[in-house]
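Beneath this line is the structure, given in structure tokens, with notes to follow.
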């Protein structure tokens, strides 16, 4: 098959819309062009699921090649993104060279008190930083680029260039503001860009569709193996920006031979296809047409394709747009400057000017879909926003679904908005949100285009990657060729084998303010204890001769209200005095040991009396 024929195939398939069940027969017809005669067998079952089962001989045609007369090997080392959603990061190592794909973050959960963000553990990369030849970025979402400034702060930017699309690099560059890290050298790429990153690593970026522009899968070639990393993807055949899913090149790679596929598992538990992003635009048009007053629309700031549709619809309805939320303002600034958001002249207004326009001529576009306490929508819901007060006739559209773990906060916001007489539009099934990740049929399609020998499901919690394994088996990947792995695993890949051979340091590093990794589990436990049971401060005076002043002072915070617990605190003082007398008699003068014994004695007593475990903090002053 010629290059032109393969490209024509990709372009023709791109015109079909997978999101409609009635188009399944069109898909069948289109996919016939993807395969050579008698190479693949395809079945359409009763559930309208497409199965592509490669011929065994075809699948194994590139398995047992040897390089330079011997079996070469390389290593795949996931440092984030396995058994979790977020902080995606994977290292690929061949001999004395390493490349890294993505450096993402995740956000703290309820037990991570005071933590701003969570990033991967860079320890292995730090100890091998002289081997790292580049950081390759699949796209510009936080879970793939959020840890970049911390990465370069730890490893240095002099010898590790950063590769990515124009928008991705601009978003990454913005993250260096107020961070103690220098910008690295950058290399802007586009679809089908091929780069020789180092002596052994050659990479190619292949366009895929997602919920943001400049999204790529990455093909990695070394003398040992060919690997495809899918990045985040869905198969959107009518993309908002017109930049399609590169079926043709992925199919070519499948014909050439891919040894290992790492593929996005986010929606592996959801049957069917993910609808096109354009369907959201149609649903939002209906909401704009129905709204008689102001529209307050909350969306993910990083969902650039949706923002463009919202701008287009607001323009059509003659509504001025005010944006609120730091991340939303930043995205609008970057994307409009680069041309990724096309904004008509004079449509934007400042948030403090909203009240000067008629209600039916205003759209307030803001952050806060996840119920974040300080986000714009939360402040509007709580009545604490500086410029926006809800009134009857306002329509609030929440164009997102809660991320697992955020349901409670998001629901609280919705209830607060309703109490303020707003018409709140948020229900599933009305089309105001679709995922940026492919569902089961798209995941099957990716596997069958690429036809990998080995398969590693990534980007998802354990249940997601386990289901992705089942999908791969269903389309013909042998179970023995699939690994369910974990962060920190060192996976050895050859032409004939894929296995785990060890572990490297991995885990979560907590970021609190400007510190990196200075908050450990012990600190989090103390914070949790403070939140749960409070603190008891015991002030003790000690003379230079080692004797104690028996006037012990107690201060409590978050433990008991002093006036209601005078007897308990008096007993506590007596226990401290008794312990001090005992230590005097034993001749104990070492400060650390005194604190330890007081802490243990008081802690035991208070736990027995109250069934609580406050932080006990003895303070010894020499007088």
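The numbers here are math on the coordinates, done by the rules we state, and not lab data. This structure is a prediction, so every number in the text was calculated from the model and none was measured. Cβ placement follows ideal geometry from the backbone for every residue including glycine, while neighbour counts extend to all protein chains displayed.
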Exercise. Relative to the present Cα-Cα distance, how much length would full extension add between residue 501 and residue 605 at 0.36 nm per residue of separation?
Worked result: 32.5 nm
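Taking the beta-carbon count within 10 Å as an exposure proxy, list 541, 127 from fewest neighbours to most.
127, 541
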Problem set entry | Cα centroid of the range 374-438 to Cα centroid of the range 125-175, whole Å | 34
For this session: Sort the following peptides by mean Cβ neighbour count (other Cβ atoms within 10 Å, averaged over residues), highest first: 239-251, 81-93.
Result: 81-93, 239-251
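Calculate, for residue 83 and residue 617, the FRET efficiency according to 1/(1 + (r/R0)^6) with r their C-beta to C-beta distance and R0 35 Å; round to the nearest 0.05. List each step's numbers first, then the result.
Values: r = 37 Å, r/R0 = 1.05.
Once the sixth-power term is evaluated, E becomes 0.40.
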Problem set entry | Potential extension, residue 588-residue 348 segment - 0.36 nm per residue separation minus Cα distance | 79.2 nm
Exercise. For the peptides 481-488, 297-304, 548-555, what is the packing order when you average, over each peptide's residues, the other Cβ atoms within 10 Å and list the highest mean first?
Worked result: 297-304, 481-488, 548-555
Problem set entry | Inter-label distance for residue 574 and residue 461, nm, one decimal - labels placed 7 Å from Cα along Cα-to-Cβ | 5.2
For this session: Measure off 7 Å from each Cα along the Cα-to-Cβ vector at residue 539 and residue 359, then give the distance between these two points in nanometres to one decimal.
Result: 5.8
